[in-house]
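First the structure, in the form of structure tokens, and then the observations on it.
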Amino acid sequence: MPHYDLLIIGAGSGNSIIDERHDDWNIAIIEPGDFGGTCLNRGCVPSKMFIHTADRAYMAQQNAPFGIETNFISADWEKIRDRVFNRIDPITESGLNYRISLPNVTVYRSPGRFIDEKTILVDDDVITAEQIVVAAGARPSVPDIPGISEVPYLTSDEMMRVDELPSHLVIIGGGFIAVEMAHIFSAFGSEVTIVHRGDRLLREMDSDINERITEIYANRMNLFLETEVSQIAHNESFEINLSSGDLIVCDQLLVATGRRPNTDSLDAAAGNIVTSPSGHIETDAYLQTSSKGVWAIGDITNPIQLKHLANADAKIVGHNLCTPDDLLPVDRSLSPSAVFGYPPIASVGLTEKEAQDQGVSYVVAIRPFADTAYGWAMEDQKSFIKVLMDPLTRLLLGAHLIGPQSPSLIQQLIQGMSLGQTVDEMAKSQLYIHPALPEVIEQALLEF
């Protein structure tokens, strides 16, 4: 029975835990899939490479206001796809080969599951370890729609590697995956239809933000909101019956209705690991589970499934494994996020509804990008920043942006909030370059 100092289940963010501090540790990694996890292989990295290309295609159709005559002609999907994965796939392979090459690391390429506390079964091998880090991530969640198990639908795991650009893509769902995939394939020339049971896209975002992105997407593609799929069939084409009575025929179907943690495939309960009703592993502030010596990081423990949060978890656990007498807690008080549709969106802190639900006192300032000189240059009429401030402490409670460069613009606000700066300090204690887009942040903060 092999016994290790450290066993890591999952080689996404979990793989980054190992460093020079562990050179004399006997370590095992269980990873039946691609090294690098969802983000590198099926998620944030390839999708943003596609999105950068999609932005260029989309903007070619938007130049008339600038006196430039350009147009989008076509997309060479195979060339677009291969540019992305010819960059990514060698990184995945080299990551695996590097770990295999280390004398103190054993890599298991089959799934593992708990059969007892700190005891894992992999194929016919029973493995134990002094410390275990569960970093097995999450997978697409597919709703129980009549007929869905009998049709060749895709999830985000497969969508970016399709052989051909769809003529008509239907997306079930209205979250960030749906919004990003809709932008990509619409920009490349596919007809896109989104079917979403909610009344707005991105319902977790601030209401002013999700109202604006829903309005923009409704003018760009087909939206069926407050609508459910009642039946799916496939015979050369997909036939999708909606609760509204509509029938949609398409050649490709993407199911983007959320993701679920992989605790069930690990049989976490057999390892005496407590999970939440949603299936996420419960941890304390130091990311320790209910089983002593077992830690959990990333999507399998945090419902907010973002790579930068998983990476932060990995840093915390990496420290705590090596310094048990000086444990660091995880701080998720600020969990910034971005959605790279078009226009992109970025958010940090409380939404207005969250402030209301929590009974937090707040005031709001909203500033359009069009109020800045750079906004004039962009001929922008739809983008804006919305900020919420505590009127007593004058601390920023939340910030929400929709518009070009939003995921970059928000970073200075994240920093200011992390450092405990007041809105006055953020607005007045530095010089804002003129004329540059960050002036919209300055103007919004000066409204308080």
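Some points to look at:
- Leu223 vs. criteria of a type outside the set (Phe, Trp, Tyr), under 24 Å from the mean Cα position of the chain (by Cα) and either part of a loop (DSSP other than H, G, I, E, B) or under 20 Å from Asp157 (Cβ atoms) (or both): no
- Qualifying residue in segment 116-126 (condition: on the phi < 0 side of the Ramachandran plot, surrounded by fewer than 12 Cβ atoms within 10 Å (Cβ to Cβ), within 27 Å of the chain's Cα centre (by Cα) and of a type outside the set (Lys, Arg)): no
- Taken together, Ile345, Ile316, Ile297, Ile304 contain a single residue that is of a type outside the set (Gly, Ala, Ser) and modelled with pLDDT under 95, which is Ile304.
- Sole residue being more than 30 Å from Ala268 (Cα to Cα) and in contact (Cβ under 8 Å) with a residue 60 or more places away in the chain, chosen from Ala138, Ala182: Ala182
- Matching residues in segment 415-440 - criterion: being without any contact (Cβ under 8 Å) to a residue 60 or more places away in the chain, among the β-branched types (Val, Ile, Thr) and surrounded by 19 or more Cβ atoms within 10 Å (Cβ to Cβ): Val423
- Residue satisfying condition, being over 30 Å from Asp5 (Cα atoms), surrounded by 15 or more Cβ atoms within 10 Å (Cβ to Cβ), of a type outside the set (Asp, Glu) and in contact with a Phe, Trp or Tyr (Cβ under 8 Å, 6 or more places away or on another chain), within set Leu287, Leu253, Leu266: Leu253
- Condition met for Leu242 (at pLDDT below 95, touching a strand residue (DSSP E or B) at 6+ places or on another chain (Cβ under 9 Å) and surrounded by fewer than 20 Cβ atoms within 10 Å (Cβ to Cβ)): no
- Some residue of segment 12-28 being within 29 Å of Phe176 (Cβ to Cβ) and either of a type in the set (A, V, I, L, M, F, W, C) or free of Cβ contacts under 8 Å to residues at least 12 places away in the same chain (or both): yes
- Matching residues, segment 56-76, being closer than 30 Å to Asp34 by Cα and either touching a Pro at 6+ places or on another chain (Cβ under 9 Å) or assigned to a loop (DSSP other than H, G, I, E, B) (or both): Ala75, Asp76
Condition check ((1) touching a Lys or Arg at 6+ places or on another chain (Cβ under 6 Å); (2) surrounded by fewer than 24 Cβ atoms within 10 Å (Cβ to Cβ); (3) under 18 Å from Cys250 (Cβ atoms)) across all residues:
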| position | (1), (2), (3) |
| --- | --- |
| Val170 | no, no, yes |
| Ile177 | no, yes, yes |
| His183 | no, no, yes |
| Phe188 | no, yes, yes |
| Thr193 | no, yes, yes |
| Glu204 | no, yes, no |
| Thr214 | yes, yes, no |
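- Hey, Glu239 part of a helix (DSSP H, G or I) and either touching an Asp or Glu at 6+ places or on another chain (Cβ under 8 Å) or not assigned by TED's automatic domain parsing to the domain that holds Gly12 (or both) or not: no
- Output for segment 340-354, where each listed residue is under 18 Å from Ile304 (Cβ atoms) and touching a strand residue (DSSP E or B) at 6+ places or on another chain (Cβ under 7 Å): Ile345, Ala346, Ser347, Val348, Gly349, Leu350, Thr351
Yes or no, residue by residue, for (1) free of Cβ contacts under 8 Å to residues at least 24 places away in the same chain; (2) under 26 Å from Arg259 (Cα atoms); (3) assigned to a helix (DSSP H, G or I); (4) in contact with a Gly (Cβ under 6 Å, 6 or more places away or on another chain):
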residue: Ile80; (1), (2), (3), (4): no, no, yes, no
residue: Arg83; (1), (2), (3), (4): no, no, yes, no
residue: Ser94; (1), (2), (3), (4): yes, no, yes, no
residue: Arg99; (1), (2), (3), (4): no, no, yes, no
residue: Arg113; (1), (2), (3), (4): no, yes, no, no
residue: Ile127; (1), (2), (3), (4): no, no, no, no
residue: Val133; (1), (2), (3), (4): no, yes, no, yes
residue: Ser149; (1), (2), (3), (4): yes, yes, yes, no
residue: Asp157; (1), (2), (3), (4): no, yes, yes, no
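- Scanning segment 422-430 for any residue that is assigned to a strand (DSSP E or B) and touching a Ser or Thr at 6+ places or on another chain (Cβ under 8 Å) turns up at least one such residue.
- Taking the conditions (1) free of Cβ contacts under 8 Å to residues at least 12 places away in the same chain; (2) among the charged types (D, E, K, R); (3) in a strand (DSSP E or B) in turn, Glu211 satisfies each one other than (3).
The values are calculated or read from the model by the stated rules, or taken from the named source; none is laboratory data. Please read all numbers here as calculations on a predicted model, not as lab measurements. A quick note on method: Cβ atoms are made from the backbone with ideal geometry, for glycine too, and the neighbour counts reach across all protein chains shown.
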